[in-house]
Amino acid sequence: MEEKKTVLIVEDEKSIVDIVRFNLEKEGYGVLTAYNGEDGLAKAMEKKPDLVLLDLMLPRMNGFEVCRLMRERGNRVPVIILTAREEEADKVQGLELGADDYITKPFSMRELMARVKANIRRTAMQSAGSSAGAVITGGGLTIHPENYQVYKRGKLVDLTQREYELLVFLAGHPGKVYTRIDLMEQVWNYGYVGDDVRTVDVTVRRLREKIEDDPASPAIILTRRGVGYYFAAN
Ligand code: CA
């Protein structure tokens with residue numbers, strides 16, 4: 001039997017927590033809850049959930065701070081931000097602080113479950129493929145798929161899970177250009193793509209800040225203007 005996956009819900013609106021918990025449990029997930037940011041951060045660090053659903057407006061510590069501190073402390077778990085409608089700036093800020101994805105309130109349970117499933121499946125696939133992975137090198141980087149570590153000229157680079165997966169995917173096909181929609185489908189595992197391709201741009205930007213010598217003039221993850229992104233072929 002497959003190991004039960006656990007989702008941590010960090011949200012102060014009890015009615016939302018209750019309905020999300022009900023739906024997750026119905027799908028077979030274990031559920032942890034936190035009603036404020038401090039408790040959310042503590043549970044994310046101690047209980048090691050497989051995914052975190054993170055509201056932004058929270059008592060005690062807001063969701064941005066929770067996400068930033070999780071990443072700063074080395075926690076790479078997939079994070080989906082729950083954000084209010086029309087707050088585009090919040091989505092981008094959340095992604096820049098290390099969230100993997102966002103979903104806009106009010107959301108349908110069907111959409112939320114699809115996102116949760118896509119993110120957890122992604123993690124499972126990564127684990128399954130890890131033992132067979134060969135070391136990938138290029139652009140001064142060395143990628144060790146067996147332990148998810150990336151080195152830049154011998155120095156360990158701290159990537160989130162999604163940044164790591166995007167890098168490994170592009171590095172696995174050097175020179176091949178992928179559109180943002182391709183990347184949403186293949187790295188994010190989304191069967192459908194709305195206007196969320198912005199997520200790809202922010203993740204690429206974040207990745208470049210960590211791996212490029214000069215992020216403004218990238219030499220590893222390149223842009224094919226009007227088309228998409230590719231890993232520089234040596
Ligand atoms: Ca709230």
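The values are calculated or read from the model by the stated rules, or taken from the named source; none is laboratory data. What you see is a predicted model; the values in this text were computed from it and never measured. So basically every Cβ, Gly included, is an ideal-geometry build from the backbone, and we count neighbours across all protein chains shown. When the accessible area is computed, the model is the full protein with side chains, heavy atoms only, and any ligands, DNA or RNA have been set aside. Shrake-Rupley method; radii C 1.70, N 1.55, O 1.52, S 1.80 Å.
Going by what's in this entry, would Val7 be described as of a type in the set (Val, Ile, Thr), in contact with a Leu (Cβ under 7 Å, 6 or more places away or on another chain) and closer than 20 Å to Asp158 by Cβ?
So Val7 fails the test.
I'd like the full set of residues that are within 17 Å of Val79 (Cα to Cα) and of a type in the set (A, V, I, L, M, F, W, C), limited to region 17-35.
Residues satisfying the conditions are Val17, Val20, Leu24, Val31, Leu32, Ala34.
If you check every pair at least six apart or on different chains, which have Cβ atoms under 9 Å apart with a residue in region 137-165 that is among the basic types (Lys, Arg) first and a residue that is open to solvent by 50 Å² or more (accessible area, probe 1.4 Å) and assigned to a helix (DSSP H, G or I) second?
Once the first residue is among the basic types (Lys, Arg) and sits in region 137-165, its partners that are open to solvent by 50 Å² or more (accessible area, probe 1.4 Å) and assigned to a helix (DSSP H, G or I) give Lys152/Lys210.
Looking only at region 182-212, count every residue that is at pLDDT 90 or above and not in a helix (DSSP H, G or I) and tell me the total.
1
List every residue pair whose Cβ atoms lie under 6 Å apart, where the two residues are 6 or more positions apart in sequence or sit on different chains, the first residue falls within region 50-62 and is farther than 18 Å from Thr160 by Cβ, and the second residue, located anywhere, is open to solvent by 10 Å² or more (accessible area, probe 1.4 Å) and within 7 Å of the ligand (Cβ to nearest atom).
As it stands, the answer is Leu58/Asp12; Pro59/Asp12, since those pairs meet every condition given.
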